[in-house]
Amino acid sequence: MLRVFSDFDGTIAVEDVGSQLFRKFAGLRAVEIVAKYLDGTITARDCLTQECQAVENATVGELEQFVNQFSLDPTFGSFVEFCRHRSIPVVVLSDGLDFYVGRLLQKNGLGDLPFFSNHLELIQQGPVTKLVPSFPHTDAECILCGNCKRNHLLTLSADDDIIVYIGDGISDRCPVRFADIVFAKGQLVRYCQAQNVTYH
């Protein structure tokens, strides 16, 4: 069976929603935290946790309103229909947060599409909201990502399945090594070129 797995931020979503969310509500602090992640000082889980902690003056309504302005790639809906008509399963894998992944899929009529991501709990404290992330799909032996995309590929696929992976960023580097067919954009293109990973 052919199976499709796709990243969300910058792949299905036109922009990196998580990055924009924290830039909006945590400002320069978010930029500093991400810089530490990119230079290897902290892990993805540390990065996301610290970004959430840096959001101090946002309400649930403001967060929801901000997320709602983002769009999915205009061809993604028709791609999903193409796959469904051919009984090709499509699964979304994100190292971002279910708060916006689920909301944007639902907004675009794709609320029934299975997805795996990190979880966000919003705790109201007076006039502001505390963002508390958790990582239900982490890997006990690998600390690089919050949501281990490789594990999803392996557990949701049989040995004779053909795995298609679509991505653009750092969290996609591991799963492309376990995919049979790779579609890459952005940073993932440069990684595939450097690592001799065949891609489209």
Checklist entry - Restricting the search to the range 175-195, which residues are more than 16 Å from the chain's Cα centre (by Cα) and open to solvent by 80 Å² or more (accessible area, probe 1.4 Å)? => result Arg177, Phe178, Asp180, Arg190, Gln193, Gln195
Next on the checklist: Let me spell it out: the conditions are (1) part of a loop (DSSP other than H, G, I, E, B); (2) in contact with a helix residue (DSSP H, G or I) (Cβ under 8 Å, 6 or more places away or on another chain); (3) open to solvent by less than 50 Å² (accessible area, probe 1.4 Å); (4) over 17 Å from Thr49 (Cβ atoms), and Thr198 meets all of them except one. Which number is the exception?
Outcome noted: (3)
Checklist entry - Between residues in the range 143-161 that are hydroxyl-bearing (Ser, Thr, Tyr) and residues that are open to solvent by less than 20 Å² (accessible area, probe 1.4 Å), which pairs lie under 8 Å by C-beta distance while being six or more apart or on different chains? => result Ser157/Ile163
Next on the checklist: Checking Val55 against (1) more than 18 Å from the chain's Cα centre (by Cα); (2) surrounded by fewer than 16 Cβ atoms within 10 Å (Cβ to Cβ): exactly one of these is not met. Which one?
Outcome noted: (2)
Checklist outcome for this item: Only one of (1) within 21 Å of Gly10 (Cα to Cα); (2) under 19 Å from the mean Cα position of the chain (by Cα); (3) at pLDDT below 95 does not apply to Gly102, and that is (3)
Item to check | Restricting the range 17-50 to residues that are among the charged types (D, E, K, R) and over 15 Å from the mean Cα position of the chain (by Cα), the residue that is farthest from Gln125 (Cα to Cα) | outcome: Asp39
Next on the checklist: For the range 14-34, give me each residue that is over 24 Å from Gly102 (Cβ atoms) and open to solvent by 50 Å² or more (accessible area, probe 1.4 Å).
Outcome noted: Leu28, Arg29, Val31, Glu32
Next on the checklist: Given the criteria touching a Gly at 6+ places or on another chain (Cβ under 9 Å), of a type in the set (Gly, Ala, Ser) and either surrounded by fewer than 17 Cβ atoms within 10 Å (Cβ to Cβ) or at pLDDT 95 or above (or both), does Gly10 qualify?
Outcome noted: yes
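One line per residue, one yes/no per condition, for (1) touching a Gly at 6+ places or on another chain (Cβ under 8 Å); (2) modelled with pLDDT of 95 or more; (3) more than 27 Å from Phe25 (Cα to Cα):
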residue: Pro133; (1), (2), (3): yes, yes, no
residue: Thr138; (1), (2), (3): yes, no, no
residue: Cys142; (1), (2), (3): no, no, yes
residue: Asp168; (1), (2), (3): yes, yes, no
residue: Gly186; (1), (2), (3): yes, no, no
residue: Val189; (1), (2), (3): no, yes, yes
residue: Tyr199; (1), (2), (3): no, yes, yes
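The values are calculated or read from the model by the stated rules, or taken from the named source; none is laboratory data. Since the structure is predicted, the reported quantities are computational estimates derived from the model, not experimental observations. Glycine also receives a Cβ, built like all others from the backbone with ideal geometry; neighbour counts cover every protein chain displayed. Just so you know, the surface numbers come from the protein's heavy atoms only, side chains and all, with ligands and any DNA or RNA stripped out. Shrake-Rupley method; radii C 1.70, N 1.55, O 1.52, S 1.80 Å.
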